[in-house]
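Inspection log for the structure reproduced underneath, given as structure tokens.
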Amino acid sequence: MSKNQSIRSRLLLWIGLPFTALAILALLSSHLLLSRQINATFDDLLLNAAQRLERRIYTADGELRINMHYFSVSTLGSRGEGKIFYRIKESDGDMVAGFSGLTAPPETSQEPIFYDVDYAGNALRAVALTLPFRRGGEPVNIEVVVAESKEARHTLTNDFMITLTGLMVVTGLLAISIALLAIHLGLAPLNAVSQALRQRSPNDLHALDDAAPKEILPLIQSINHLMQRMRRSIESTQQLNADVSHQLRTPISEIRALTEMSLKDASQSPAHTSLREIQRIAEHASHTVKQLLKYAKTRSELVDTSHLENVDLIAICHDACAQTAPSIYTKNQELAFDQHKAIPNILGDPILLRWLVTNLIENASLHAGGDHAYQGVITVALTAEEDHVVLTVSDEGIGIDEELLPKLTERFFRHNRHSPGSGLGLAIVEQIATTHSALLSLTNRPQGGFEVTVIFRPV
Amino acid sequence: MKALVVEDNINLANSIAATLSEAAFSIDVAEDGRKALHMLEQGGYDLLVLDLGLPELDGISLLRQLRHQQNTIPVLIISARDSLDQRIHGLEVGADDYLCKPFSLEEVTARARALVRRAKHFGGETLQCGRLEFLPDAMELRLDGKPLLLHRRELEVMEYLLINQNRLVNKDQIIDRLSTADESVSYAAVETYISRIRKKIGYDFGLKTVRGLGYYLDSKGYDSKGYESKDAKGPAHE
């Protein structure tokens with residue numbers, strides 16, 4: 001039996017096969033017993049008929065006669081169906097009555113002899129009796145043979161067997177149904193576990209409910225241990241990431257501060273160019289350090305979704321716009337916010353959601369222009385559809401190559417190596433969207449520019 | 001204006017001190033919390049720039065003691081601590097603004113100025129933005145030194161925008177500012193005031209309408225007196 005055969009079919013096979021064999025065995029033995037019993041009963045009746053026939057024999061004028069007046073075929077036969085043949089004959093003498101062609105028993109005995117015989121194309125069961133008689137004071141032996149066709153016996157046996165087989169089949173079907181139900185009920189806890197695993201998000205590393213039968217408890221516990229180990233391993237990686245970024249904060253601050261100070265004094269010396277480069281690199285490093293930390297903190301496996309609260313996305317967007325406005329307007333870009341309908345609250349983490357919106361605005365601000373600095377509007381919009389809330393952040397820039405769209409949320413993917421981004425902005429956005437079970441899509445707008453859509457489900 | 005910089009990292013302390021000096025602050029530096037508390041008790045500071053990770057007395061405890069003593073000095077926190085909880089914690093304890101390392105010195109200057117501007121305008125200090133100058137005591141707006149004829153409401157709007165220059169100001173905030181117990185102001189009224197102000201000032205002084213959000217008064221590029229630095233950056237996005 002192959003290892004991956006389903007448990008259901010294994011059980012069904014191992015319940016079904018022995019039961020079928022048993023049923024066949026039971027039918028065969030029933031048939032044997034039944035035909036023996038029926039034969040015995042019919043033989044008794046046949047003997048009875050033969051003995052009754054014997055009583056009709058009398059002597060008249062030194063001749064043996066038979067009084068057939070009281071004897072009829074119907075009283076002989078057991079059920080009236082089938083044919084009756086008889087033969088009455090003196091031993092070593094003349095026929096008295098009946099069919100002379102009816103074969104005598106293979107041997108003679110004082111006891112009745114039962115035997116099978118063929119007569120006129122009929123398979124018959126016969127009984128032969130030898131009895132002493134007196135004819136005119138002289139003793140003679142009279143042989144009486146009564147034969148009956150076997151149809152009645154066969155019909156009765158068949159009737160019984162048909163009924164019995166029918167009962168067996170019904171019982172068998174019932175048993176299979178019960179077995180199926182039992183298998184289904186027995187496998188229910190396993191199905192519940194696999195369904196629970198199937199339904200959870202790929203990032204959900206929380207323990208499974210271990211209220212389960214003791215047979216599958218070890219399985220659940222193993223899964224839970226595995227989840228815990230994965231969680232710990234992710235946590236320690238993220239903690240390392242956080243520690244590294246944290247430890248880099250102060251030295252990078254120092255580098256930035258000292259470079260800024262030095263740049264104020266320097267004239268057009270050659271060192272000035274290097275200082276500008278150092279300043280640019282330090283700014284990039286500080287941006288990356290901040291984004292790495294956010295990335296570490298937004299890993300959806302680590303966000304405890306049970307602490308999400310009712311969040312007003314309008315307020316979140318207002319905050320994010322207010323936070324980013326100074327850097328946007330410094331770059332001669334503009335911000336706009338569109339929201340015309342009432343927006344239902346969503347279940348979320350306000351801090352993460354603010355990061356999501358600010359990251360999208362900053363992403364547009366940095367990349368909308370491609371190789372050139374973007375000078376245009378960045379629009380944040382909220383709309384409420386039937387059963388979801390849609391957040392879009394769009395720009396009127398040059399958009400992006402269609403084939404690069406799927407790569408944008410990859411960590412450290414930067415479609416423009418010369419732009420100052422950290423390569424983490426959209427990866428962070430994706431993580432936050434995942435945490436909120438929101439749908440993230442990145443598209444080029446038909447009228448030009450790049451657009452990010454995040455679809456949330458309201459509370 | 002006098003500011004106390006409390007920072008135990010010498011490089012950062014010196015750089016912040018130097019850059020704030022250029023922005024017309026006179027600076028004292030303290031390396032630990034206890035010393036800083038002692039200096040603050042002497043009084044006379046207009047601004048406190050406070051690092052949170054300090055020897056002796058940590059920044060949060062220092063701030064808590066300060067507020068406990070009813071000291072309302074504007075406080076700008078600078079910290080390498082990363083969690084947002086920390087930031088909220090700092091603001092709850094009574095910080096006015098929070099800057100997360102790594103930051104640029106320009107950010108420090110911009111935040112320091114904004115904090116002092118907001119604290120000082122109650123004291124009647126003059127507000128400036130490019131060629132514009134606002135005198136709170138006289139309720140007068142001057143362009144290149146010459147008074148402009150503005151309605152009282154328009155002056156109030158202008159004062160609020162100047163206090164909050166380089167920040168996004170929404171219409172609700174302006175309405176809150178203008179409304180009194182007997183008189184409420186509508187969105188339409190705010191829009192009317194803004195359009196009249198634009199007409200009366202007569203040149204693009206950096207006021208942007210932000211669709212769906214409000215207004216943004218940008219001081220950059222309209223700087224005639226070197227008061228606002230050229231690339232003033234707004235709040236960091238932590």
Identify, from the list A:Val389, A:Val393, the residue that is more than 38 Å from the chain's Cα centre (by Cα), buried (at least 20 other Cβ atoms within 10 Å of the Cβ) and over 30 Å from A:Ser253 (Cα atoms).
A:Val393
When you scan the stretch A:310-331, do you find a residue that is more than 9 Å from chain B (Cβ to nearest Cβ) and more than 23 Å from A:Thr392 (Cβ to Cβ), even just one?
no
Condition check for B:Leu155: without any contact (Cβ under 8 Å) to a residue 24 or more places away in the chain, among the aliphatic types (A, V, I, L, M) and within 16 Å of B:Leu207 (Cβ to Cβ)
yes
Report every pair of residues separated by at least 6 positions or lying on different chains whose Cβ atoms are under 8 Å apart, first residue within the stretch B:6-32 and more than 10 Å from A:Ala257 (Cβ to Cβ) and away from every other protein chain (no Cβ under 11 Å), second assigned to a strand (DSSP E or B) and among the acidic types (Asp, Glu).
B:Val6/B:Asp51
Looking at (1) out of contact with any Leu (no Cβ under 8 Å at 6 or more places or on another chain); (2) away from every other protein chain (no Cβ under 12 Å), can you tell me which one A:Arg354 breaks?
(2)
Tell me which residues, restricted to the stretch A:357-380, are within 12 Å of chain B (Cβ to nearest Cβ) and on the phi > 0 side of the Ramachandran plot.
none
Looking at the stretch A:447-459, which of its residues are more than 22 Å from A:Ser365 (Cβ to Cβ) and modelled with pLDDT of 90 or more?
A:Ile455, A:Phe456
Output the strands (runs of 3 or more DSSP E) that fall wholly within the stretch A:270-348 and possess 1 or more residues being under 27 Å from A:Thr434 (Cα atoms), at pLDDT 85 or above and polar (S, T, N, Q), or say none.
A:309-311, A:334-339
Which numbered condition in (1) surrounded by 20 or more Cβ atoms within 10 Å (Cβ to Cβ); (2) among the hydrophobic types (A, V, I, L, M, F, W, C); (3) modelled with pLDDT of 85 or more is the only one that B:Ala188 fails?
(1)
Looking only at the stretch B:33-71, which residues are over 27 Å from A:Asp243 (Cα atoms) and in contact (Cβ under 8 Å) with a residue 40 or more places away in the chain?
B:Gly44, B:Tyr45, B:Asp46, B:Leu47, B:Leu48
Unique residue being more than 27 Å from A:His318 (Cβ to Cβ) and of a type outside the set (Val, Ile, Thr) when the list is B:Leu168, B:Leu161, B:Leu148
B:Leu148
Determine whether A:Glu386 is farther than 26 Å from B:Thr209 by Cα and either in a helix (DSSP H, G or I) or β-branched (Val, Ile, Thr) (or both).
no
Residue within the stretch A:102-115 that is aliphatic (A, V, I, L, M) and either modelled with pLDDT of 85 or more or within 14 Å of A:Arg153 (Cα to Cα) (or both) present
yes
Evaluation of A:Thr409 against (1) surrounded by fewer than 16 Cβ atoms within 10 Å (Cβ to Cβ); (2) within 36 Å of the chain's Cα centre (by Cα); (3) at pLDDT below 80 (one fails), failing number
(1)
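The values are calculated or read from the model by the stated rules, or taken from the named source; none is laboratory data. Since the structure is predicted, the reported quantities are computational estimates derived from the model, not experimental observations. Please note: Cβ atoms are built from the backbone with ideal geometry, for glycine as well, and neighbour counts cover all protein chains shown.
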